[in-house]
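One structure below.
The values are calculated or read from the model by the stated rules, or taken from the named source; none is laboratory data. Remember, it's a predicted structure, so these values are computed and weren't measured experimentally. As a convention, Cβ positions derive from the backbone with ideal geometry for all residues, glycine included, and neighbour counts pool all protein chains shown. Side chains are part of the model used for accessible areas, which takes the heavy atoms of the whole protein and leaves out ligands, DNA and RNA. Shrake-Rupley method; radii C 1.70, N 1.55, O 1.52, S 1.80 Å.
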Amino acid sequence: MVGKAEPVNGSVKSGSNQSIPAAMQSPLKKSDLIPNLSLKTLKLKTKQQELLIRVSILCLVYVLAFITRLFSVLRYESMIHEFDPYFNYRTTLFLTEKGFYEFWNWFDSESWYPLGRIIGGTLYPGLMVTAAIIYWLLRFLRFAIHIREVCVLTAPFFASNTTLVAYFFGKEVWDSGAGLVAAALIAICPGYISRSVAGSYDNEGVAIFALLLTFYLFVKAVNTGSLAWALASAFGYFYMVSAWGGYVFIINLIPLYVLVLLITGRYSMRLYVAYNSMYVLGMLLAMQIRFVGFQHVQSGEHMAAMGVFFLLQVFFFLDWVKHLLSDTKLFQAFLRITVTTAIAVGAIALGVGTASGYISPWTGRFYSLLDPTYAKDHIPIIASVSEHQPTAWSSFMFDFHILLFLFPAGLYFCFKRLSDATIFIVMYGLTSIYFAGVMVRLILVATPAVCLISAIAVSATIKNLTLVARAKNKVTQTGFVRGSSSLKGSSKASLDQSQPFQRNGAIALLLGAFYLLSKYATHCTWVTSEAYSSPSIVLAARGAHGNRVIFDDYREAYFWLRKNTPPDAKVMSWWDYGYQITAMGNRTVIVDNNTWNNTHIATVGRAMSSYENEAYEIMRSLDVDYVLVVFGGVTGYSSDDINKFLWMVRIGGGVFPVIKEPDYLVNGEYRVDKGAAPKMLNCLMYKLSYYRFGELTTEYGKPPGYDRARGVEIGNKDIKLEYLEEAFTTSNWIVRIYKVKPPNNRCPYAGNDVPYLPWVPTVLRYHFQAMFHG
Amino acid sequence: MPKLPLFLILIPFLPFLCTSFSPENPSSRRVLVLLDDLALKSSHSVYFKSLQSRGFELDFKLADDPKIGLQRYGQYLYDGLILFCPTTDRFGGSIDLAAILDFVDSGHDLIIAADNNASDLIREIATECGVDFDEDPAAMVIDHTSYAVSETEGDHTLIASDDFIKSNVLLGSEKIEAPVLFQGIGHSLSPANSLVLKVLSASPSAYSANPKSKLSNPPSLTGSAISLVSILQARNNARILISGSLVMFSNRFFRSGVQKAGTLTKHEKSSNEQFLTELSKWVFHERGHLKAVNVQHHKDGEADEPSMYRINDDLVYSVEIYEWSGRSWEPYVADDVQVQFYMMSPYVLKNLSTDKKGRYFTAFKVPDVYGVFQFKVEYQRLGYTSLSLSKQIPVRPYRHNEYERFIPAAYPYYGAAFSMMAGFFIFTAVHLYNK
């Protein structure tokens, strides 16, 4: 794919202008009528030919971007992946069934019991509306298609569209060659594929398209100074705001870019028009999204954009005054006064706004972006999410491969040919790479920038190399080269005359580049197939004989819930599984992946980390009927609840100081075997995970109760449940569901954790119980 | 068609088929009586007669009869169980501790009479019902101040107690004049069990010890902590009566006169018969059984029950409560029935007013909070079946078009917007065409 881009670069150059018309004329003369027609259509002018090749390459890239994301559909089935996409799917289903207004006003009583959630006001509707429109359109065209198929294929479809945007962006920033390379690179870049495979029906799927589109349109607006492009960019921004919370990146990057242009003295009327219209219209449009509302004028994260907006007005005003005043000294004085006043007014406005609470301070999420260590200390709920962890260097290599080396080279080329557009792409690249280092999931945001900048490097290098390689043939045509290509190319070409080995060297380097790019293609395909195409709701492992073993336990459990529990049953689980339980199990959950209420999540964390009788009180107060835990001890599935348990303790302890993390650790070590902390061995989560596990032999040659996920023999094999009873355990024990018993019919608190002691006199027995619980 | 004759044949039998315990007719009908010795049948005949005269079918069996069983083919054969077998170590047939507890947990009633030398089995059953008999098998309740005066100066184990629970529902509206004779083992109530109640408690001077031996250690049970007769109403409204004395049910105690030590009044007849008969009426659901039906709620001015309310809606809630009189359902009249509008804590708590025909109702405004609420009626009164109704209902916020369209307070802003537009238009016109 990348290889395909290479011949384009060869033909993009108009160096062979002369030879082609000559070749064109010769067949015309000797051909007959009928072949003449076909040949006439085939033998186009060079420009048209080039356009044809470009379009066909783009089409191929477009198709490629789509089909490379279909691994998961081929390997598993057409289904929704992971956690958040299930919520998106559920809401899309609701939207297509009940219509937009019902969706907009939807109060969901099935999640966050008993608080409920206003769905319409707490989501970014862009994705759902997009999918619903595609669905309605297909229905209108009489394609009887299920909404799930639309949802599954939305992300690949938008990835394809992103390649087109990348092409135009590359063309805008550099040239059409770089555009084509960028399109090809981004089509298969693993950093992007990780969030846009078929079935990964998440906001990011359409948001990256919207992000790149907004940036492209804005750069176009800055380059042309056209109101129409700025308007288009405002609409792109609106779409982005409707689709993903990552729009905050745009609303901060663009002002920063404008600020840099101002400082570097690149202020122009084009910039003024582009930014002002984009900001004002974009802000007004964004306010139409309920979830965003007045944040653009009220929240700290959006204040930078507003500040730059006012700064630009001051700049314009000064420019105008300078134009009127001919006296430089007078202007200097005026400048000083104006700037001081402007800064003072701005600072006072910001201070008063913040102090009065009109402008909300920066949120924890924003802080944790700027400071990688912030979340760990202050917001465990953010730090607990694996995709919010700081990025390991290996995952950069994994997701970018050669782009990691091409990126600095591309930066070099950008600095070489500095323009408004390249400054933008450089800033986009540098900031997003920083954020990608802070959080794993933000690699996604960096991917388009890295692809674009790398594409510039690839395109420019190959262009130069081919020039060198072809220079021998065209020694006489140096003038042409100078006219059409860059200055550097011509200087290389003239150098070439003096150094004959350079041609061979150039060919060798070209081959090397080709090798690298083909390696990139292989790597991307391999990563897509192996790492990013598993739905995570269906687990796959290699069996003892190398065969594929499928664990479909999640769906088994959710369908059990759907078929065997009362429709109004409330299920308590850790919040990771909330969306899936409501979407697939159709049951009410206490907490889910929309982590809007920390206290509620902490309550669940507290229940999970308390003793059974204490947990029972909490569960009764929340009307819990079933408890669901995920357990990997039998299969060796490592992202189960026991491994997440410390986060439950931390989040629970953050709100309820009764829960203390050291109680669950032994010498700072987290363990589940005989040496584990007593509280750990008797907390609800441990009991529910390991109930009846002590009887089970999981591996040959190991004692019963050997936990394969952690590789130890468990410490408490004799687990008795007093207040819960096992309701269902899936075939591989991955999901275990327990029913909360109703209160004891005769004695409300008869069964305690104290074993039944019939030989101890009554009075003493209560004394014992007091000792245990006091 | 051949089904019709069969049906017609069955019709005469319908009353027999329908006499079993049912929500419509909550009094127990068929009662299994397990005895240690069939002689009890005659020595306690007055008590049994009073039950039979009220329409109960008593099935007398020896406790170790190998053929006895509480259920057959998954159906319970009896609605009530009387254990007059304090010394039985194990029951015959399929009855054991678990079977009896299951019997209670599926809503059936139980009367246990223990005695000194009560077997471990009976003690265990009692323990499971929240009552602990004195550990010493030979211990009896002794009271040197409120014993029953008799011809021979005994060991003061025959107690005349008049420390009744004050409840007309449990003991009937007729006042119990004479003390109740008691002779047997004392028990204490499990402090953790909030369902079990003392009906007849010992006087503050009573203690529990072996009357034959000298008291070497302080007795474990003393004073009014000793319960003589206790009741328990389980959460599923199964009712249990536990007595530490079997002999108090006997004809001898029913007929004998009583004079409490230290008092001069000599009663012709002890109150044992009245006390135990009234209590058996309660245990077998002839009294104090409530049912709540027909829970309705709807918006004020509408008739249908909505699937969801909106914040600040006005709603009407009603429920019908009836009391079983032994023969029919009568309206229950009280002024202390309350409804809660509950989400983690009650947001609204209102007394229900009644029309004295069984219907309770109230109207209130939904609070300005959205979420999944419940209408809760938790009605627990001494002696009555506990009513615990909850009905879930979500409350949603306003829809986008349910807010006021034009607010007077916003007129300055409307004015500002439109004047801005007009000003911009004029400015443009002037700027463009006035050169």
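Quick notes on this structure:
- Taking all protein chains as they are arranged and a probe of 1.4 Å, the heavy atoms of residue B:384 leave approximately 40 Å² accessible to solvent.
- The C-alpha atoms of chain B occupy a region whose extents along the principal axes are 132, 71, 38 Å, arranged from largest to smallest.
- Our helix-only sum for chain B, with -39,500 (n - 2.57) per DSSP H run of n ≥ 4 divided by its residues, gives a mean residue ellipticity at 222 nm of -5500 deg cm²/dmol.
- With contacts taken as Cα pairs under 8 Å at a separation of at least 6 residues, region A:204-360 carries a relative contact order of 22 percent.
- Cut-off 12 Å, label 7 Å out along Cα→Cβ of residue A:674, residues of region A:694-716 by amide N: A:713-716
- Surface listing: A:366, A:100 arranged by accessible area from highest to lowest gives A:100, A:366, probe 1.4 Å.
- Counting only other chain Cβ atoms within 10 Å of each residue's Cβ, the peptide B:98-106 averages 1.
- Order by protection proxy (mean Cβ within 10 Å, highest first), peptides B:168-181, A:633-646: A:633-646, B:168-181
- Take residue B:263: with every protein chain present and a 1.4 Å probe, its accessible area is about 60 Å².
- Protein-only accessible surface order, largest first, of A:66, A:140 at 1.4 Å: A:140, A:66
- Contact order relative to length of chain B, as percent, for alpha carbon pairs under 8 angstrom and 6 or more apart: 12 percent
- Shape metrics for region B:183-238, restricted to C-alpha atoms - Rg then Dmax, Å: 13.3, 45
- Over all other residues within a Cβ to Cβ distance under 12 Å of residue B:180, the charged ones net out to -3, with Lys and Arg as +1 and Asp and Glu as -1.
- Between 0 and 90°, nearest 10: helix A:328-355 axis offset from chain A longest Cα axis: 20 degrees
- Interchain or long-range residues, amide H under 5 Å from residue A:712's placed H: A:707
- Tensor-based shape of region A:204-360 (alpha-carbon gyration tensor, a/c under 1.5 rounded, otherwise prolate or oblate): oblate
- Per-residue average of Cβ from other chains inside 10 Å of B:128-135: 3
- Karplus-derived 3J(HN,Hα), 6.51/-1.76/1.60, for each residue of region A:604-616, Hz, glycine and proline x: 5, x, 5, 4, 5, 9, 9, 5, 4, 5, 5, 4, 4
- Ranking of B:187, B:431 by solvent-accessible surface, largest first: B:431, B:187 (1.4 Å probe, protein heavy atoms only, all chains present).
- Accessible area of residue A:596 in the full protein assembly, 1.4 Å probe (Å², nearest 10): 120 Å²
- Note: relative contact order over chain A, using C-alpha pairs below 8 Å and six or more positions apart, is 12 percent.
- For region A:586-597, backbone phi angles converted through the Karplus equation (6.51, -1.76, 1.60; θ = phi - 60°) give residue-by-residue couplings of 6, 10, 6, 10, 7, 9, 9, 5, 7, 7, 7, 10 Hz, Gly and Pro being listed as x.
- Under 5 Å between amide hydrogens, built in the peptide plane, is the criterion, and for residue A:299 it picks out A:360 among residues at least 5 positions away or on other chains.
- Working note: Cα gyration tensor of region B:289-396, eigenvalues times five, square-rooted, sorted largest first, giving semi-axes of 26, 14, 11 Å.
- Kirkwood Rh, angstrom, chain A [1 / mean 1/r, Cα pairs]: 29.9 Å
- ³J(HN,Hα), Karplus 6.51/-1.76/1.60, whole Hz, each residue of region A:55-61, x for Gly, Pro: 5, 5, 5, 4, 4, 4, 4
- Modelled FRET efficiency - R0 60 Å, residue A:142 with residue B:98, Cβ distances, 0.05 increments: 0.40
- Residue B:411-residue A:298 FRET efficiency (beta carbon distance; Förster radius 22 Å; 0.05 resolution): 0.45
- Beta bridges per DSSP with both ends in the protein assembly as shown, % antiparallel, nearest 5: 75 percent
- Averaged over the residues of peptide B:231-239, the number of Cβ atoms from other protein chains lying within 10 Å of each residue's Cβ is 2.
- FRET efficiency estimate (nearest 0.05) - Cβ-Cβ, residue B:353 to residue B:37, R0 41 angstrom: 0.15
- Each label was represented as a point 7 Å from its Cα along the Cα-to-Cβ direction; for residue A:663 and residue B:59 these points are 5.1 nm apart.
- Two-site label geometry, residue A:44 and residue A:611: point separation in nm, points 7 Å out along Cα→Cβ: 8.1 nm
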